[in-house]
Each structure stands twice: as structure tokens, then as C-alpha cells.
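Structure first, commentary second.
The values are calculated or read from the model by the stated rules, or taken from the named source; none is laboratory data. Because the structure is a prediction, the values reported are computed rather than measured. Reconstructed Cβ throughout: ideal geometry from the backbone, glycine too, with neighbour counts over all protein chains shown.
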Protein chains: 6
Amino acid sequence: MTAPDINSPDEQIRYQRGLEVLNAVDGGSAPAVMENLADIAPALAHHIVAFGFGDIYSRPGLDPKQRQLVTLGILTALGGCEPQLEVHIRTSLNVGLTPTEIVETFTHAAGYAGFPRALNAITIAKKVFTERNLLPVKDD
Amino acid sequence: MTAPDINSPDEQIRYQRGLEVLNAVDGGSAPAVMENLADIAPALAHHIVAFGFGDIYSRPGLDPKQRQLVTLGILTALGGCEPQLEVHIRTSLNVGLTPTEIVETFTHAAGYAGFPRALNAITIAKKVFTERNLLPVKDD
Amino acid sequence: MTAPDINSPDEQIRYQRGLEVLNAVDGGSAPAVMENLADIAPALAHHIVAFGFGDIYSRPGLDPKQRQLVTLGILTALGGCEPQLEVHIRTSLNVGLTPTEIVETFTHAAGYAGFPRALNAITIAKKVFTERNLLPVKDD
Amino acid sequence: MTAPDINSPDEQIRYQRGLEVLNAVDGGSAPAVMENLADIAPALAHHIVAFGFGDIYSRPGLDPKQRQLVTLGILTALGGCEPQLEVHIRTSLNVGLTPTEIVETFTHAAGYAGFPRALNAITIAKKVFTERNLLPVKDD
Amino acid sequence: MTAPDINSPDEQIRYQRGLEVLNAVDGGSAPAVMENLADIAPALAHHIVAFGFGDIYSRPGLDPKQRQLVTLGILTALGGCEPQLEVHIRTSLNVGLTPTEIVETFTHAAGYAGFPRALNAITIAKKVFTERNLLPVKDD
Amino acid sequence: MTAPDINSPDEQIRYQRGLEVLNAVDGGSAPAVMENLADIAPALAHHIVAFGFGDIYSRPGLDPKQRQLVTLGILTALGGCEPQLEVHIRTSLNVGLTPTEIVETFTHAAGYAGFPRALNAITIAKKVFTERNLLPVKDD
């Protein structure tokens, strides 16, 4: 039994479904990440889109803002996921989380994952918010 | 410069403020945890309440349902936090997250923290949902 | 765009493909884990099989023995994955890794993830090997 | 029940107490970190000082050298905390840990957290020690 | 080039040196752990003693109390190391750390690794202190 | 009982044995890492070679390709080990793992450690493969 060819019609349907979801929430950060995988790990790129977005992200149990809160919590706790935090802070803004909610997520995380993890996440938020001219962030 | 006495009037005011927040969201799981600390780490117990709940959880930037989504994400990603997951799954139900949203949080987490972390969290959810007669969970 | 119904014919085909792979390598540990998810997280169970085994494990880039070496390394490093280590030590034996290779994997892991993680993994190996009457393990 | 205003007189007293502790141990690395938070997460900055230093660091149960040994152990084990390791290696020198003790901490950590974590910590120590003209470190 | 036989005279000298160090600090918890490895991972047991204690723990750069503070910090941060925490809390008492210092280590850890990791460590400390009749712990 | 002098004849024999193993598998990446430790942590460098390679890596229980699969799995799961991943991706190529096997290792890791950890590992693989002119990788 071997894995399906990612270029087969069935898999391309799955991929397109995931890509629609990704494009709806991402606002343009992800394509560069995905393209970067094309010559080294195309199957990984395929499954991030087809499985991660097409099968999971699009499920109705949580709305995109809720999914981003969970994702920001996970990435903060894992540590060493600065590139993914950058993508997901942008996605969080795109789906409607406010800068205040994003910062509060990391402040809240300090109690559960410690100040260093929270500070590293804030550093990435500052980078994204500076680019998007969103500073200063309203505190409350 | 030494730390304030946790039994001083000022610290007791801070503690009471935290306790009100904790009681409002927790629905009864936390007191046992806190009491368990009384003869070994009373200062840690004090600060979890006074700082964790009085200073942070009560901030307006996120509502309790949002805070629980972040917390569940963090605890799932950290791993080895089964006792805290149990407390926080109960708290999540208390503040209004549905069993479906809680399960979806762990399903979503699989993509970011891997299937093993997601499965461990589901195991704790199953324990709590069984006690509360919330199975089967509606898989929408 | 919503996620595909896990009970649709297309998804059932994907699931069956994954189940064949899982059955070929697992030797009987996984069904209980999967069944345990049926009333709480059927979608997570579906995707572990359809994606994890049908899409990834069955890819030709690594053979099952190699996949198990990678998996044992990951689970040891993550920590707190004792239930999954137990399943995967059994799977490792099923696909042909010897007890000596499994123990050597954890001994090797000590240098990269520290002695505590290695010791926790050995504890689980001892449980599995005892059940299967595989002790003492030949030390190289 | 809402969180106290970090600009209230009571909170400013707590902040000043923490700042005294921080200044006494830090020797100048922290202000830049704190200032960097002013326009994005002032509450996080406030609580790192008021809680982390005013409430915890100043407690009498451990002296500053002991606290730094614990902190260096934690940051090494967490991984991905290079910015915090840099701050805390400087703080460790300030409170009187010798370069030899700091390096020995990371060498010791290799057995418990693995060589990669130890090497990453040494890389940061080398940066700080080079700046402070503390190389070569006496090895014993 | 193959690894030295752990039963060779040279390796037995290294092992005996480590065992002396281990016996001097451990006070009786470790032998059971080591013996448990005899029929499954004797080489791992050998190297924990010969390398971990004979080569590293016995180095003069840190005294045993300092090494235990670092170790408790690491094990708290890693998570999922409850068996090792239990051994090392006992060792910490044996080398002269007070219950207050041990509890303060975990309270301090809350800020850097989060409250859940601190609480899990306190749970193990409570178990050890109860057995040794060391409760209540003097809080200062 | 004190640790052996790393410059003693016995330790130099152990070191030379490790160095032979390291040179046989590494193909030239490690010396720079080791040399970098000479003026700050010579004992750590000594033990990585004498213990990590002389005592462990050279054991017969796993061959070098198998050890590298385990190591890549561990480093991916730990996170924050990009410098070590770079060294070990080079070592993996040197001992005969193909670029396809290395990429498949990280794709496989996605299911157990999550997509972010897999993506970070692929980023380092891309850097190494670009330098060695190994792109595009055959995605079988």
C-alpha cells in the first residue's frame, strides 16, 4: 500500500480545497513559505495545505479567530517557532484578532509557559506590528 | 529590598481580588490544588491567585473563553501537564466553551504540536467529560 | 469552504488505505487507541489513520524500520509521551527492529536529549519487553 | 472584578520595589528589554518587574547566586531562550557567579538536557565573556 | 573503532569512581534505578555512573548544592521528569539543600517555566517531604 | 573523589578514540564546533568527543545511518537546535543517508512533533543541500 501521488486528480482537489482556506485566512504570508518547499519537500507543502488547512482548519468546531488563539498559545509554548509565529501573527490580524488581543495572548501565556517564551513572542509581534504601523498597542 | 509578606493587608487585598476571579471561572477545581500547597509552598499558591488570576486573568484584553483556548493550546503543547489540563478543561466548560470546542482545540493542536500531544490532551478530556456525562461529543 | 465529511466515500477510501498501513505495521496496539477516540474525537482518529498512516507512513522515502527509529527519537525527546512510546515500541518490534536496536536508540538519545528522557523511554521498553518475554536484552 | 491599573499608586509602589531588586542584580541589561515593551506590552513589562523581581526574586529562600544557577538551568533546558540567556549570564556575573561556575553549569546541564542545549548556552556565554574580556575561562 | 567494553578493567575503574561520587551524594535512591537497568540497558547504567557522576558531577567547578539547584531547575523546565525529580529532591536534601531552598527553587521556576511546571515539581517535593516528615516547610 | 584530568594519558586515549569515530562520520563540520569551545569549555568539548562519540556513537547496536535517523528525529523534536541540525544533516549525508531520506525524516516528523518543527528542520536542510548542490530533492 503506497501513499497517493500528490499530483493525482484526487489529491489536487484536496489541495485546492486547502488552498482556498489558506488564502481566506492568511492574506499573503503563506505562499512564500510554501513555494520555498517546492524543490525540497513538495509533499510536506502539499499536506500542510491539504491536511492542515483543507481537513482541519476548515472544520466548523472553532472559528478562525479561535483557531488563531489556540495556535498562538501553542507556538509560544513550543518555543523556537519564531518564523511560524510571524506568519500566524499576520494571520491572526487578517482573521480579525486585534493587536490588543494578540498581545494579551502572549501576556496571558507568561503565567503558563514563563516570561521568556512570552517575551520571545512579543518580539515577533513588535516586528509585525511595526511593519503594519500598529504601534503603540492599546493596553487593555 | 525584600518581598512583601503574603499575609500583609495589601497582599491579602490582592489575594482576595484574585480569588474572586478564580471562583468566578473555576467552578470548584482549584481550591483543592491551592489547599494542597498550604503546608509546602504557600507563597506559590498566593501568587498563582494574586498574580495569575488577580493581575492577569482579570485583564480585559481577552474574555475567559478566549483565555481558556490559549491556555488549552499552551498546556497541550508543553506536554506533561495532565493535572493542569484536567483543571483547565473543567474551567473551560465552566466559562462556556462547549465540549465540541474543547475537542476541536486538541484536534487543531495536532497539526502544530503533533498527534501524541493531541492524544494525551484528549485522554484527559475524556476523563472529565465522562465524569460530567458529556459523551458522546457532537462532532460537527 | 468546509472540511470534508469523514464518513464520505472519498474519505472512507483514504481511511481504509491508512488502516491497511496501520494494520501492517502495528500488530494490534492501535485499534484500542483509535476505538477510545470514537465517542469523543472521531475526526482526530480518522486523520491519524488517513493522514498519518495513509498519506505519510506509506510514503516510500523511508522503510518502516527507519520510520520507527525516527519516531522513537522524537517521542523520547518530546517527553511526556509514554503512552505513545509504548505503542511505538510494540510497532518497532513488529516491523523488525530488535530489542537491542530499540534500547540502543534510547541509549544514543541520552547524549542529545539527556539521561532523564532516555531513562523514561527505557522504563517503557522494559514494560513492553517484560510482557513479550524479551528480557534480558543482548547488549550489543 | 478587573485587574488593577498598572499606573495606580499601589501598583507603582510594587513596580518600584521590583525595579530596585532588578537594578541591584542586573547591572544594566534589563532596562533596554523593558523599554522595548513600552509601546506594545507595558503590562507584561510591569509584571515582570513587579511580580518577577518584586514578589519572587526578592524572597529570602535563595540568594541571587542560587537564583541565577536555577535560572541558567531552566533557560538551558527550555531551549530557544538565547536572548534571555544573554541577559541572565550578565546578571549571573553581576551577582558574583564566576565564569567558571557559569560554564560548569552548562557542562553539567549536558547530562540532563543533552549536548545540543549545553552547546547553545555556551555559545551565548562565549559572546558575553568575549565582550567582557573574560576569556579564556579557567577550567576546573 | 568500537566502544570500550564496559566490563573491561579501565571502564570498571571509571565506573567505581562514578559510583563513589554517586554514593556520596545520593543517599540511597539511585541504586534501585541503576539495578532496574541491569537486564535491559547496562551500558546506559554504566555511563550514567561513569560519565554522569565520575566525569561531570565530580568536577570542582560547582559544589553539590549548586549542582542540585541547576539540576532541579532543568528537570522542572523539561517537564515529564517526575521520577528523576523524586531522585534529585532526595539527593538535594542529602547534599544539604533545605526544604525551604528546594521549594523556593520551584517557586522561582514559575516565572521562567510557568506555573504548571512549578506545580508538578512541588507535587513531587510534597511526596518526598511527607515521607521524610519534613512538612510543613518553613516559608521564607 | 574528583573528575579525571582531561589531559591525562587515559583521558587522551579516550579522546583519540572518540575523535577517530567523529572524523569517520562527520566529514569536517565538527572540528570548528570543537575548536570554538577550546577557550571556554574544553571539558565539554572533551566529553562530547570521548563520551558522545568514543563511548556511545561507536557502539555496535545501531549503524551510523540508523544513529543519524534517531538524531535527526530528536533534534527536530527538541526545537531550537538549528546549529546542531546543520552539523547532523551534513553528517547524515556523509554516512550515506540520501537527501530524500533526510527530507522524508522531517516530513515524517510533522505528524509526531507538528508542522512548525518539521518546517524549521527543512529550512536547515535546504541551506545544506543548496551548498552541496543537492537540489531539487527527488520526491519519491
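Flag: D:Glu104 matches the condition of being more than 15 Å from the chain's Cα centre (by Cα) and within 11 Å of chain E (Cβ to nearest Cβ).
Could you grab me the full set of residues in region D:87-101 that are under 13 Å from the mean Cα position of the chain (by Cα) and part of a helix (DSSP H, G or I)? Listed by number, the residues that qualify are D:Val87, D:His88, D:Ile89, D:Arg90, D:Thr91, D:Ser92, D:Leu93, D:Asn94. Restricting attention to region E:3-20 and to residues that are within 18 Å of F:Ala3 (Cα to Cα) and in contact with a Pro (Cβ under 9 Å, 6 or more places away or on another chain), the residue that is surrounded by the fewest Cβ atoms within 10 Å (Cβ to Cβ) turns out to be E:Asp10. Annotation: F:Phe129 fulfils all but one of (1) in contact with a Leu (Cβ under 6 Å, 6 or more places away or on another chain); (2) surrounded by fewer than 22 Cβ atoms within 10 Å (Cβ to Cβ); (3) within 21 Å of D:Gly80 (Cβ to Cβ); the unmet one is (3).
The residues listed here are A:Gly73, A:Gly18; of these, the one that is within 15 Å of the chain's Cα centre (by Cα) and not assigned by TED's automatic domain parsing to the domain that holds A:Ile122 is A:Gly18. Among residues of region C:83-106 that are closer than 14 Å to C:Lys126 by Cα, those with a beta-carbon under 7 Å from a residue that is among the acidic types (Asp, Glu) and not in a helix (DSSP H, G or I) at least six positions away or on a different chain give the pairs C:Thr100/C:Asp140. Residues of region E:94-101 include at least one that is facing another protein chain (nearest Cβ under 7 Å) and on the phi < 0 side of the Ramachandran plot. Among the residues making up region E:98-126, a single one is of a type in the set (Lys, Arg) and surrounded by fewer than 24 Cβ atoms within 10 Å (Cβ to Cβ): E:Lys126. Of the residues making up region C:26-35, those that are in a helix (DSSP H, G or I) and either touching an Asp or Glu at 6+ places or on another chain (Cβ under 8 Å) or farther than 22 Å from F:Gly114 by Cα (or both) are C:Pro31, C:Ala32, C:Glu35. Taking region A:55-86 as the range and being more than 7 Å from chain B (Cβ to nearest Cβ) and outside any helix (DSSP H, G or I) as the test, the residues that pass are A:Ser58, A:Asp63, A:Gly79, A:Gly80, A:Cys81. If you check F:Val95, F:Val87 for being among the aliphatic types (A, V, I, L, M) and surrounded by fewer than 21 Cβ atoms within 10 Å (Cβ to Cβ), only one passes: F:Val95. Taken together, D:Gly61, D:Gly111 contain a single residue that is under 25 Å from B:Pro4 (Cβ atoms) and small (Gly, Ala, Ser), which is D:Gly61.
Criterion applied to A:Ala38, A:Ala121 was being in a helix (DSSP H, G or I), more than 7 Å from every other protein chain (Cβ to nearest Cβ) and in contact with a helix residue (DSSP H, G or I) (Cβ under 8 Å, 6 or more places away or on another chain), and the one residue passing it is A:Ala121.
Condition check ((1) among the aromatic types (Phe, Trp, Tyr); (2) under 27 Å from F:Phe115 (Cα atoms); (3) modelled with pLDDT of 95 or more; (4) surrounded by fewer than 21 Cβ atoms within 10 Å (Cβ to Cβ)) across all residues:
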position: F:Pro42; (1), (2), (3), (4): no, no, yes, yes
position: F:His46; (1), (2), (3), (4): no, no, yes, no
position: F:Ala50; (1), (2), (3), (4): no, no, yes, no
position: F:Phe53; (1), (2), (3), (4): yes, no, yes, no
position: F:Ile56; (1), (2), (3), (4): no, no, yes, no
position: F:Pro64; (1), (2), (3), (4): no, yes, yes, yes
position: F:Val70; (1), (2), (3), (4): no, yes, yes, no
position: F:Gly73; (1), (2), (3), (4): no, yes, yes, no
position: F:Glu82; (1), (2), (3), (4): no, yes, yes, yes
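With respect to being closer than 26 Å to F:Ile102 by Cβ, away from chain B (no Cβ under 12 Å) and over 16 Å from the mean Cα position of the chain (by Cα), A:Pro4 fits the description.
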